[in-house]
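Structure record follows, encoded as structure tokens.
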Amino acid sequence: MANDAITLDLAQGEVLALLGENGAGKSTLVSVLFGHYVADSGSIQVFGRPLPPGNPKAALAAGIGMVHQHFTLADNLSVLDNILIGTEPLWRPLSHRREARARLLQTSRQFGLTVNPDARIADLSVGERQRVEILKALYRGARILILDEPTAVLTPQEVEALFATLKTLVADGLSIIFISHKLDEVLSVSRRVAVLRQGKLVAMREANATSKAELAELMVGRRIDAPVRAPREIEGSLAARLSVTGLAAGGKLKHATFEVGRGEIFGIAGVSGNGQAQLADALCGLLTPTSGEIRLDGRTLAALPRAFIGAGVARVPEDRGTVGIVGDLAIWENAISEHYRDPQFSRYGWRQRGAAKDQAKRIVEQFDVRCSGLDAPARSMSGGNIQKLILGRALVREPIAIIANQPTWGLDVGAVAYIHSQLLAARARGAAVVLISEDLDELFAMADRIAVMFHGTLSEAKADWTIAEIGLAMAGIGEAAHASS
Amino acid sequence: MIAIAAPFAAVAFTLIACAALVVWAGAPVGHAYVLLFEGAFGSRFAIAETLTRATPLILTGLAAAVAFRAHFYNIGAEGQLYLGALAAVAVGGGAISAPPALLFPLMIVAGAVAGGLFLLVPALAKTRLGVDEVVTTLLLNFISLLFVSMMLDGPMKDPLSMGWPQSVGIVPELTFGKLLERSRVHSGLVIAVVFAVLLWIVNARTTFGYEMRAVGANARAARFAGISVNTVMLKTALLSGALAGLAGVGEVAGRAGYLTLDMSPGYGYSGIVIAMLAGLNPLGVVLAAVFVAGIIVGADSMSRAIAVPTYLADVIVAVSLLSMLVATMLARYKVRWS
């Protein structure tokens, strides 16, 4: 059950935070509120009137607006067009654009959200797009605004700007439901915090009467100790393990040069869409670089997945369900998918099922992969277990390099802690780890050095960033943002 | 479970839906269907006819199943079938003098190779240039038939055929032997069933089968894991074309004895229906092929007894494809009425 007998109330002019780890049911709850899903039982009342279920139009008419985690904007249209979509009845022959534009500008002035109505969405930054999403809701007269994980895609400076906007909205009498799993933000912006765990509402706290530690324990139900990164043991003199020079690929990656030494975690930060996906693909052997090269222990690697696998590069892709595993195949078949041609798993073209299943069993046991049997299809596992399988099959061979792209995205706290501890263990064994992540907390906790991707160029790597500095670099401002050459 | 229930549900629905057509033709429904069933399976002769029909259908069904599973939509089995038959005639028509023990396997291989190479062209176009294989394979059917027509009217024409465009006959030593006396069932059936079993084994037990299944299920993930997707696609295309070519060999060397332009009443296309009914499973293809063959043979026999046109068979086969597609889609969703 995604939501189990939840009872909530929202006062006018308050910010209520919905806190919970991934899979707790926060998104499901607000989707029911907004009409994307129909609840099996229970009722919702908005401003004293019952809300018809399963009808986003009714929710909008009742004054509920939602900013989704994945924006619902048409990239090829202008800001004004996006805001107009769905607001005008189909039977009207003429579009009242002038009135709409005036109303849009008035709304944006009222709430301090500056936009250019004629700008194309595709040309806007993520923070600006989010502003358009908020304006979409305000334009329709929303008095209740739901924000689903709004800060996941923003730089630190943009987060500050968003919080200022929320203050303005609240001053005007709007009520806000703010969904997040980030404790700092929740405590700084909300008045009350509702904690969801496994579909149930387990606690309601006043923000100024609780602490991060209490909220964390309520979220998870037990104490989780985050793994701690020990200082790097192997320093300096040995040659770099992984060396990337002048890499350009896929159009979006323009220039990346960096080196990762033995026993080091190299973090790559940056807002999504600045070339990290292309860099990750090139580092996995999936994309042929248009220039530059990748060297492992001195040897250049050919741009083929098989070459990278053979060289001992472990790869954890961003898209675990659709790229990391073949969902319809069995778990044991996925466990050996990268090495299915090895002599132990394939002799004269015949598969050695026994050996393969043994290896799969080893991985499942060693890496705590919960599944309903080795023969079950891989897609039957939860996201966290799929990731553990992918990580396990990569790490079980003691790789010398690991490429991890958003490895803990969407996972619960327990799985995140496990994956982090595995990466740190690999680091202690001398592996070179590249960690690409949009989660600054993760990077600061795990990485020895961090470089920032902006518009396809990788900045210099530093070990001592401040939040403000890295935020500026992510937005392309400041000297730290310039490429190393 | 769904994989087994869906085709039966589809067939049941088809028979009910087509009963309406029988009523429209003015015949009693129950009687018509009884005649259909008896015509397909009701006597030794009926079963033999059904099995004879099923032989090429098993092979074209396998051709479609193999290709479709890799998401390579081979609509050209008809053309590959004819080229396979043409190659068989070229080798087995008496033009080459060599011991039959050598020529017999050579004839079969020639048919398979002809079909396989013919599909290689669209396969390369897809992997290298991204050209849609539905379009290329479909249009190549016409080219193949026209080519065969040209050969049958020209270099490969039987001089004794009195002007009719047909090929020389396959030399008697090289024709497929009869499995059953006084019937048309020939050893091509054995070849077809053997290939179905072989294909099942390849899918389940071999490395190539694993590659085919991985590429078919998720080409992106397969590529990530180091499988060479294009190579697997090309190998799959060769296999699919070869199977369709073998269907042609079986028809010309087992049933007809010589090649004419009307040898195949759309076996290549029916193979697609059969593959879908079988859920792309090689062993299921054998059952589905026997079913479709039964419908065709039974409708033939039924139409001779009562006034229902034989086209009913085509309609039943087509409706069963549509029902199967709907059944597999419905199996994935739960419909809730609000």
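Any read-out appearing in this document is the output of simple, stated calculations on the displayed coordinates, not a laboratory observation. Everything numeric in this text was worked out from a predicted model, so none of it was measured. Positions of Cβ are generated from backbone atoms using ideal geometry, with glycine treated the same way; all protein chains shown enter the neighbour counts.
Worth a mention:
- Rounded if a/c under 1.5, otherwise prolate or oblate - region A:131-191, Cα gyration tensor axes: prolate
- Of all DSSP bridge pairs formed entirely within the protein assembly as shown, close to 45 percent run antiparallel.
- Using 0.36 nm per residue and subtracting the Cα-Cα separation, the extra length available between A:Ala230 and A:Ile85 on full extension is 46.9 nm.
- Added length on full extension, which subtracts the Cα-Cα distance from 0.36 nm per residue, B:Ile96 to B:Ala307: 71.1 nm
- Phi angles across region A:101-116 convert, under the Karplus curve 6.51 cos²θ - 1.76 cosθ + 1.60 with θ = phi - 60°, into 3J(HN,Hα) values of 4, 5, 5, 4, 5, 5, 4, 5, 5, 4, 10, x, 10, 6, 9, 9 Hz, Gly and Pro given as x.
- Helix A:383-395 axis, angle to chain A major axis (alpha carbon atoms, nearest 10°): 20 degrees
- For the residue pairs A:Lys136/A:Lys462; A:Lys388/A:Lys462; A:Lys252/B:Lys235; A:Lys57/A:Lys252; A:Lys254/A:Lys462, alpha carbon separations beyond 28 Å are given by A:Lys136/A:Lys462; A:Lys388/A:Lys462; A:Lys252/B:Lys235; A:Lys57/A:Lys252.
- Within a straight-line Cα-Cα reach of under 12 Å, A:Lys212 can be paired with the following aspartates and glutamates, leaving aside sequence neighbours fewer than 8 residues apart in one chain: A:Asp184, A:Glu185.
- Whole-Hz couplings from phi, Karplus 6.51/-1.76/1.60, listed for region A:279-288; x for Gly and Pro: 4, 4, 4, 5, 6, 9, x, 8, 10, 7
- Residues of region A:399-422 with amide N under 13 Å of the 7 Å Cα→Cβ point at A:Arg362: A:399
- For chain A, the direction-averaged projected area of the alpha-carbon convex hull comes to 25.7 nm².
- For A:Lys357, the aspartates and glutamates whose Cα falls under 18 Å of its own Cα, not counting residues fewer than eight places away in the same chain, are A:Asp328, A:Glu333, A:Glu338, A:Asp342, A:Glu365, A:Asp368, A:Asp375, B:Glu211.
- Cα gyration tensor shape of chain B, rounded if a/c is under 1.5, else prolate or oblate by comparing a/b with b/c: oblate
- Seen through its C-alpha gyration tensor, with square-root eigenvalues sorted a ≥ b ≥ c, the protein assembly as shown comes out prolate because a/c lies at 1.5 or above while a/b is bigger than b/c.
- Calculated [θ] (222 nm, deg cm²/dmol) that DSSP helices of n ≥ 4 give over chain A, each run adding -39,500 (n - 2.57): -10000 deg cm²/dmol
- The label point for B:His31 and the one for A:Glu293, both projected 7 Å from the Cα toward the Cβ, are 8.5 nm apart.
- Gain on full extension, evaluated as 0.36 nm per residue between A:Arg306 and A:Lys212 minus their Cα-Cα distance, stands at 29.3 nm.
- Mean separation of Cα pairs under 8 Å and 6 or more residues apart, divided by the residue count, gives region A:242-481 a relative contact order of 29 percent.
- Loop-exposed chymotrypsin sites (Phe, Trp or Tyr not before Pro) per DSSP, neighbour cap 16 Cβ within 10 angstrom, longest uninterrupted part of chain B: B:1-332
- Per-residue Karplus couplings for region B:145-153, computed as 6.51 cos²θ - 1.76 cosθ + 1.60 with θ equal to phi - 60°, are listed in order as 5, 5, 5, 4, 4, 4, 5, 6, 8 Hz, Gly and Pro entered as x.
- The amide H of A:Ser346, built 1.01 Å from its N in the peptide plane, has A:Gln352 as neighbours under 5 Å, considering only residues 5 or more places off or on other chains.
- For the pair A:Ser372 and A:Arg109, label points projected 7 Å from Cα toward Cβ lie 6.0 nm apart.
- Of all DSSP bridge pairs formed entirely within region A:15-220, close to 35 percent run antiparallel.
- Amide H contacts under 5 Å for A:Met66, placed H, 5+ residues apart: A:Ile146
- The chymotrypsin sites (Phe, Trp or Tyr not before Pro) of region A:294-356 that meet both conditions, a loop assignment by DSSP and at most 10 other Cβ atoms within 10 Å of the site Cβ, are A:Tyr348.
- B:Leu160-B:Leu261 FRET efficiency (beta carbon distance; Förster radius 22 Å; 0.05 resolution): 0.80
- Using equal-weight Cα scatterers in the Debye expression, the normalised intensity of region A:15-220 in log10 at q = 0.11, 0.17, 0.18 Å⁻¹ is -0.54, -1.24, -1.36.
- Angle in degrees between helix A:126-139 and the longest Cα principal axis of chain A, rounded to the nearest 10: 30 degrees
- The spacing between region A:79-152 and region A:415-480, judged by their C-alpha centroids, is 34 Å.
- Residues of region B:294-313 with an amide N closer than 15 Å to a point placed 7 Å from the Cα of B:Trp24 along the Cα-to-Cβ direction: B:308-313.
- Alpha-carbon centroid distance for the pair region B:162-223 / region B:275-338, whole angstrom: 22 Å
- Applying the criteria of a DSSP loop state and at most 16 other Cβ atoms within 10 Å to the trypsin sites (Lys or Arg not before Pro) of region A:377-485 yields A:Arg397, A:Arg429.
- Peptide A:304-310 has a mean of 3 when you count, residue by residue, the C-beta atoms of other protein chains within 10 Å of its C-beta.
- Computed on region B:2-330, with alpha-carbon pairs under 8 angstrom and 6+ residues apart, the relative contact order is 37 percent.
- A Förster radius of 35 Å combined with the Cβ-Cβ distance from A:Val38 to B:Leu283 puts the calculated FRET efficiency at roughly 0.25.
- Inter-label distance, A:Ala58 to A:Ala355: 6.2 nm, where each label sits 7 Å from its Cα along the C-beta direction.
- Based on Cα contacts under 8 Å between residues 6+ apart, chain A shows a relative contact order of 17 percent.
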